[in-house]
Structures are given as C-alpha cells and as structure tokens.
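Colleague: Before we start, here is the structure in question, set down as structure tokens.
The values are calculated or read from the model by the stated rules, or taken from the named source; none is laboratory data. A quick note: this is a predicted structure, and the numbers were derived from the prediction, not measured. Cβ: placed from backbone, ideal geometry, glycine included. Neighbour counts: every protein chain shown.
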Amino acid sequence: MTAYLGKKRFGPASRLVLSMAALGLLAACDNNAVQSADATKAAPTVEDAIQFVKEAEATVSRESEAAARTAWVNSNFITYDTNWLSAKSSEKMTTLGVELAQKASTFRDLDLPDDVARKINLLRLGLTLPAPAGDTEATAELAQITTDLEASYGKGKYCPEDGKTVLGSYARPDGCLSLTELEHVIGSSSDPDELLEAWSGWRTISPAMKDKYARMVDIANAGAEGLGFKDVGTMWRSKYDMDADAFAGDVDRLWGEVKPLYDALQCHVRAKLNESYGDEVVPLDQAIPAHLLGNMWAQSWGNVYDKVAPEGTAPAYDLTALLAEKNYSELDMVKTAEGFFTSVGFDPLPETFYERSLFLKPEDRDVVCHASAWNLNDIDDIRIKMCIKVDAEDFQTIHHEIGHNIYQRAYSVQDPLFRNDPNDGFHEAIGDMIALSITPDYLQQIGLLQDLPPAEADLGILLRQALDKVAFLPFGLMVDKWRWQVFSGELTPDSYNDGWWKLREQYQGVRAPNDRPADAFDPGAKFHIPGNTPYMRYFLSHIFQFQFQKAACDLAGWEGPLHRCSIYGNEAVGEKFNEMLEMGASKPWQDALAAFTGKSEADATAILAYFAPLKEWLDEQNADRECGW
Ligand code: X8Z
Ligand code: ZN
C-alpha cells in the first residue's frame, strides 16, 4: 500500500489505501472545485501547510484502516464480491491520495519546518500508482484493473490439455496445478521435461493480463504527470531522499560492486548444471535456462544446492531435513522466529497476531498465497498471511515477514505519516538481517541441530547462502529496470516480453528455456508485477541486510568471520537496532542508516566481506572455465 498509509502490508499490495470521502479540508469538494478555489485564494502560508498536514494525517489514519481491512478480506477470500469491494476501496483511496498529493505540492516552495516539509513530500510521493486528478472514470478503471490483476494472479492455475502432460501425478483432483504444486515441481524435480512443463505452465496465467497492464500503465503515467513527474518510474525513483537520477546511478554503482561475485557464482552453477543435465540442456557458452534453477523465477537458487555443492568437504546441514526430523509444525516455525526477536529484547507478538494471521493454505477457497505482513490499524494489529510449507525457505520467509511486523510496531510511536520506512529496502531487510543469525551455533542452541558441523563445512553453508542471497541480486535489480522502461515508454506492449528477457539475460545470465509464445507476458507471472509492488526494495535490502548485520556484529564485539556471527540473545544490539526502527520515516534514510551503522551510504562492502571465503573458492573452481554468456 502506499507509503503514507503506513504500508499496511508488505509483499502484496501497493495500491494506495486512502480514502477521500472524509478528507477534512477537502471534504465535500470535488477536485475541480478544489482547484478553482485554490486559484482564487491567497498564496499558501506556512500555517496553512501545518494545518493541512495535521488534517491529512487524521484523514489518512481514519480512512486507511477501513481500506486495509477490506484488502485483508479480499486477499484471504478472493471472490467476485470481495474484488468489487476492494476495487471500490482502492478507487476511494487513490482519489484521496491524488487530492493530498496535489494539495501538498502547493506548499513545496515555502520555507517549512523540517518535519512538515518531510510530510509534505511524503504526501506528494505517497501513491504507487496515481490516477489523473479529477478523472473519476480513469480512477475507477485503474482500481478495477489493479484489483483484477492481483486476483488473477492469486487464482492462477495451469490446467493442461487432456492427456498432454507429464505432471499428472502432481495435479489436483480437478486436473489443474496451482502455483503451490508447480513450485514444488520446480523446487524438487530433476526431470527437464517436468521442469519445462511446470515452468511454461505457470506462464499460461499471464497473457490475459497484458492488455490490462498496458492500460494501467497509461492511466498511472497520466496521474504521475499530473503530479509533476515525467512518468511513474521517475516518481518511484524519487522516493529515496535523493535526486531520481542519482538514485538510479546509485543502484548501478552497487550492482557494479557485487557483479564479480555474482558472475563467479553463475559460472560455477552453470558448470555444475551442465554436469547434471549435459551440453544439450545447459550449453556452456550460453545463459542458464530458467527452468533448472530450483525456483519458478530463477530468483534464488538454494534448491539446486545438492547439484552444485563442493565435493570432498564435510556436508553442510540441511535445515529442511532438520525441521522434518524434529517434527516442526507451521506454528512451531512461527514461534521459533518470534523467539529470535524476543531474545534480542522485542516484545512478544500480541495474542491477536496468532488469532488473526493466516499460516496454512486453505483448500476450499482462493487466497493470495504470496507471503505478506500487515498492520491493520497502524498500531499493533499486526499479522502475517502465508501458505507456510515446512522447509528452510519458508523458515527464512517467516523471519522476513515477522521482521516487517516488528518494524511496523516499532514505528507506530511516530506521527501517522512517519509510520513507515525511510527507504523501502529497510523494510525488506529487517527480518532477513535477523535470519542471517541462523547459524549452526544458533540452531544448536535452540535444539534443531545436534552436532556442530566442522569448520570446513563453512564453504557449503556459505554456498547455500549465496545461492539465495547473491543469486537474487540481478533479479532484484532487473524487475524494476523493466518496469522503469515500461513506464518511460522505452518498452511498449509489443516489446514487453522481449524486453523482459533481454534484461534477464543481461543481468542474470538466465534465459527462457523455450521460444516464448507471441502473446506471452512472462513478467505477469511474477507476483509483484500484477501486484504492483515496487521491486528495487529487494535489491536494496540484499545490500542493507548485510550492512545491518555487520554493524550488529561489530556492536556485539564479534571478531570471527561475519557469516558465523549470530546476535541471538543480544539485547544491547536489539536495543540499538530498535532505535533505528522507531525512527520510522521521520528522518532521511541516510540518517537512520547512520544511527545504526555509523555510515550514511548504501555500501556493498559488508556483503562482499560475508562471502569473501566463498569468492576465493569460486575463483579457484572457475579458473579453467570460460565464464560469461
Ligand atoms: O515478496 C517477497 C516477500 C514479501 S515482501 C515474501 N520477497 C520477494 C519475492 O518473493 O519475490 C522476499 C524476497 C523477494
Ligand atoms: Zn517483504
């Protein structure tokens, strides 16, 4: 949801959840009336701005709660009626968001107190997808499209034609496969035919999204222009307390710093997959086919660990197996993650978290299964919504989601407009940073692991971690590179799909495993595209989480290798971390970062230090290989 709606949810949602009806100062005015009234008014004063912000905060608080609850119900029960309600609510909130953004812009040239100026700017940038001011038809259409897109992803299923499938044994009773079944195939099968069908099958859900998506881009671009931005992409890049172009330059700089590490990993993984699948399937001079990397989007590769693991060293532990051995339930996983946060001094999650969260995939209805964390009242009605599987990946994701909740609750001490992150990469980094402390020592402490692996097993553990964290980096970068090109018009509906694969190949060294059909819209098969959740946040988070972890471990006085540091039980670190969390969006992100790490720049040094021993090993492995694609 929107920035200033306190990000009711993280993961899904990006629509602004604000409602207009009760807008104190603007109430009862339609947009044109507001504009013409403004034109005849005297120039706005500082007092006007202060009053406007006060009333806007009251309105946002009031309206966003109903919108958040509507969105929650819609995501938990996707039906015709909840879609209808959700679209109405989204329309209302977009209207309000545009009104507030427009009005906020009129105060920009005043010499305002810092906090007021910051709130004015947050109001101006609050919407993810603005509609053109005063255009009620376009606003309604935009709301309908975004609701439909997210619902069609949530309901998406692959239904093979009769007799034409190698996936019959994985199908549901109705013969179809949902993302859950298809991800299971991609994550566990080594049969290229099964993998290819699961990969292509999931992408049958998205061609129908393409026209709607293109229309959505047009409407939102018109909205962004009306607010003074070149296009929606520029608006998104303007949310980082720096010039939009400088932000784009900064992410390229960060990518340049980590690229040698990624390239080394890609080269090793391709070579090992070539050993498994042969030259036909994995030629050594081309990008890796996307269906072989253990993940539906080839965004993190932990599931192919066994195929690429170091030979001749002690094996790393297998967390999925440990969870199964100890008979962990979904709820046990959540409680264990909560236990990490309380061990560093955070309050336990409220009872209502357990009463109101969704942990299990319901069999009898459509839900948005993509994991998310919500704060329904912007205070402490925090919850997660996830279709948990008992495995290592979801153990990590539970920490990720609870990290969102802990952050949301921490910054609830702020004024409503500051109940947010100062940089969306922070929100995505909190739980991930905590999960970096899931070390063998920690697992032994909580009784999941019996015997500590010997030091030589570190290499495998680091490789396993890199398959998730390092492999993710170029994917985290390219998703919004694609959207930036879409919003700028550099890509048009005709070139959406080719443009997507061009970026996939350029940054990830990953390619489509087959010729894509003419109507393919493969970006639509990734949740955040139909869900309209900006994605650069995840790239940033994969840099920040290591910066946070390095600072935390320095604070803890840790002197060993960074990958072995766990801050479990360290309340002093928790307290300092909480100070940054409590700042919310009240200060530029550079200040919040400096408050915890002492540095005010995003910096790849920590992730490179974390993986330094692995990089050395990868370089040795790759010495006689021809890397690149
Ligand atoms: O969407 C998510 C979270 C919710 S914010 C589960 N993630 C990205 C993804 O799944 O694509 C976490 C990692 C990247
Ligand atoms: Zn998240």
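Colleague: Looking at the stretch 500-527, which of its residues are within 16 Å of ligand 2 (Cβ to nearest atom) and either surrounded by fewer than 21 Cβ atoms within 10 Å (Cβ to Cβ) or among the charged types (D, E, K, R) (or both)?
Modeller: If the condition is that a residue be within 16 Å of ligand 2 (Cβ to nearest atom) and either surrounded by fewer than 21 Cβ atoms within 10 Å (Cβ to Cβ) or among the charged types (D, E, K, R) (or both), then 526 is the only one that fits.
Colleague: If a residue must be among the aliphatic types (A, V, I, L, M), touching a residue at least 40 places away in the same chain (Cβ under 8 Å) and away from ligand 2 (no atom under 15 Å from the Cβ), how many such residues does the stretch 358-370 contain?
Modeller: 2
Colleague: When you scan the stretch 441-469, how many residues do you find that are without any contact (Cβ under 8 Å) to a residue 40 or more places away in the chain and not in a helix (DSSP H, G or I)?
Modeller: Total meeting the criteria: 3.
Colleague: Of (1) part of a loop (DSSP other than H, G, I, E, B); (2) modelled with pLDDT of 50 or more; (3) within 16 Å of ligand 1 (Cβ to nearest atom); (4) not β-branched (Val, Ile, Thr), residue 7 satisfies all except one. Which?
Modeller: Evaluating residue 7 over (1) part of a loop (DSSP other than H, G, I, E, B); (2) modelled with pLDDT of 50 or more; (3) within 16 Å of ligand 1 (Cβ to nearest atom); (4) not β-branched (Val, Ile, Thr) leaves (2) as the failure.
Colleague: In the stretch 343-354, what count of residues is obtained for those that are in a helix (DSSP H, G or I) and loosely packed, with under 15 Cβ neighbours inside 10 Å?
Modeller: Result for the stretch 343-354: 3.
Colleague: Sticking with this one: In the list 394, 378, which residue meets the criterion of being under 20 Å from the mean Cα position of the chain (by Cα), away from ligand 1 (no atom under 12 Å from the Cβ) and in contact (Cβ under 8 Å) with a residue 60 or more places away in the chain?
Modeller: It is 378.
Colleague: Is one or more of the residues making up the stretch 301-308 within 16 Å of ligand 1 (Cβ to nearest atom) and surrounded by fewer than 20 Cβ atoms within 10 Å (Cβ to Cβ)?
Modeller: no
Colleague: Let me ask you something else. Cβ-Cβ distance below 9 Å, separation of 6 or more or different chains: which pairs start in the stretch 405-429 with a residue that is among the aromatic types (Phe, Trp, Tyr) and part of a helix (DSSP H, G or I) and end on one that is within 11 Å of ligand 2 (Cβ to nearest atom) and at pLDDT below 95?
Modeller: Qualifying pairs under 9 Å: 407/10.
Colleague: Can you report the number of residues in the stretch 81-125 which are of a type in the set (Asp, Glu), in contact (Cβ under 8 Å) with a residue 60 or more places away in the chain and either surrounded by 17 or more Cβ atoms within 10 Å (Cβ to Cβ) or assigned to a helix (DSSP H, G or I) (or both)?
Modeller: Here the count works out to 2.
Colleague: Mind checking which residues of the stretch 376-404 are surrounded by 21 or more Cβ atoms within 10 Å (Cβ to Cβ), within 16 Å of ligand 2 (Cβ to nearest atom) and part of a loop (DSSP other than H, G, I, E, B)?
Modeller: 386, 388
Colleague: Something else: On the given criteria, is residue 442 closer than 28 Å to residue 576 by Cβ and among the aromatic types (Phe, Trp, Tyr)?
Modeller: yes
Colleague: Residues of the stretch 434-463 being under 22 Å from residue 258 (Cα atoms) and more than 21 Å from the chain's Cα centre (by Cα), which ones?
Modeller: Across the stretch 434-463, the qualifying residues are 458, 459, 460, 461, 462, 463.
Colleague: Taking the condition over 28 Å from residue 611 (Cα atoms), among the small types (Gly, Ala, Ser), in contact with a strand residue (DSSP E or B) (Cβ under 7 Å, 6 or more places away or on another chain) and within 16 Å of ligand 2 (Cβ to nearest atom), does residue 410 pass?
Modeller: Judged against the criteria, residue 410 is not a match.
Colleague: Any residue in the stretch 538-549 that is surrounded by fewer than 24 Cβ atoms within 10 Å (Cβ to Cβ) and under 26 Å from residue 199 (Cβ atoms)?
Modeller: Yes, the conditions are met somewhere in the stretch 538-549.
Colleague: Next question. Is there a residue being touching a Lys or Arg at 6+ places or on another chain (Cβ under 7 Å) and surrounded by fewer than 21 Cβ atoms within 10 Å (Cβ to Cβ) anywhere in the stretch 126-146?
Modeller: No, there is no match, as no residue in the stretch 126-146 is touching a Lys or Arg at 6+ places or on another chain (Cβ under 7 Å) and surrounded by fewer than 21 Cβ atoms within 10 Å (Cβ to Cβ).
Colleague: With a cut-off of at least 3 residues that are among the aliphatic types (A, V, I, L, M), name the helices (runs of 4 or more DSSP H) lying wholly within the stretch 161-278.
Modeller: Qualifying helices (runs of 4 or more DSSP H): 179-188, 192-202, 210-226.
Colleague: Go through the stretch 546-576 residue by residue and tally those that are free of Cβ contacts under 8 Å to residues at least 12 places away in the same chain and in a helix (DSSP H, G or I).
Modeller: 1
Colleague: Any residue in the stretch 480-490 that is at pLDDT 95 or above and touching a Lys or Arg at 6+ places or on another chain (Cβ under 6 Å)?
Modeller: No, the conditions are met nowhere in the stretch 480-490.
Colleague: Do we have residue 373 as within 30 Å of residue 116 (Cβ to Cβ), within 16 Å of ligand 2 (Cβ to nearest atom) and in a strand (DSSP E or B) here?
Modeller: In short, yes.
Colleague: Do any residues in the stretch 514-532 that are of a type in the set (Lys, Arg) and modelled with pLDDT of 95 or more have Cβ atoms under 9 Å from those of residues that are part of a helix (DSSP H, G or I) and within 12 Å of ligand 1 (Cβ to nearest atom), where the two are at least six apart or on different chains, and which pairs are they?
Modeller: Sorted first by the residue in the stretch 514-532, then by its partner, the pairs are 526/479.
Colleague: Can you find even one residue in the stretch 313-328 that is away from ligand 1 (no atom under 14 Å from the Cβ), in a helix (DSSP H, G or I), within 25 Å of the chain's Cα centre (by Cα) and within 30 Å of residue 194 (Cα to Cα)?
Modeller: Checked the stretch 313-328: at least one residue is away from ligand 1 (no atom under 14 Å from the Cβ), in a helix (DSSP H, G or I), within 25 Å of the chain's Cα centre (by Cα) and within 30 Å of residue 194 (Cα to Cα).
Colleague: Further question on the same structure: Is it true that some residue in the stretch 416-432 is within 30 Å of residue 61 (Cα to Cα), within 16 Å of ligand 1 (Cβ to nearest atom) and aliphatic (A, V, I, L, M)?
Modeller: yes
Colleague: Another question about this same structure. Among the residues of the stretch 581-629, what is the count of those that are among the aromatic types (Phe, Trp, Tyr), closer than 30 Å to residue 287 by Cβ, assigned to a helix (DSSP H, G or I) and within 24 Å of the chain's Cα centre (by Cα)?
Modeller: 1
Colleague: Can you tell me which residue is farthest from residue 214 (Cα to Cα) among those in the stretch 500-530 that are in contact with an Asp or Glu (Cβ under 8 Å, 6 or more places away or on another chain) and in a helix (DSSP H, G or I)?
Modeller: 501
Colleague: Tell me, yes or no, whether the stretch 428-442 has at least one residue that is within 16 Å of ligand 2 (Cβ to nearest atom) and in contact with a strand residue (DSSP E or B) (Cβ under 9 Å, 6 or more places away or on another chain).
Modeller: yes
Colleague: Right, here's the next one. Which of the residues belonging to the stretch 561-582 are among the polar types (S, T, N, Q) and either modelled with pLDDT under 95 or closer than 24 Å to residue 423 by Cβ (or both)?
Modeller: Across the stretch 561-582, the qualifying residue is only 578.
Colleague: Would you check which residues across the stretch 330-346 are more than 16 Å from ligand 2 (Cβ to nearest atom) and either among the β-branched types (Val, Ile, Thr) or in contact (Cβ under 8 Å) with a residue 12 or more places away in the chain (or both) and list them?
Modeller: Hits for the stretch 330-346 are 330, 331, 333, 336, 338, 339, 340, 342, 343, 344, 345, 346.
Colleague: Here's something else I'd like to know. With 23, 18 as the choices, which residue is modelled with pLDDT under 95, in a loop (DSSP other than H, G, I, E, B) and within 24 Å of residue 588 (Cβ to Cβ)?
Modeller: None of the other options fit; the residue is 18.
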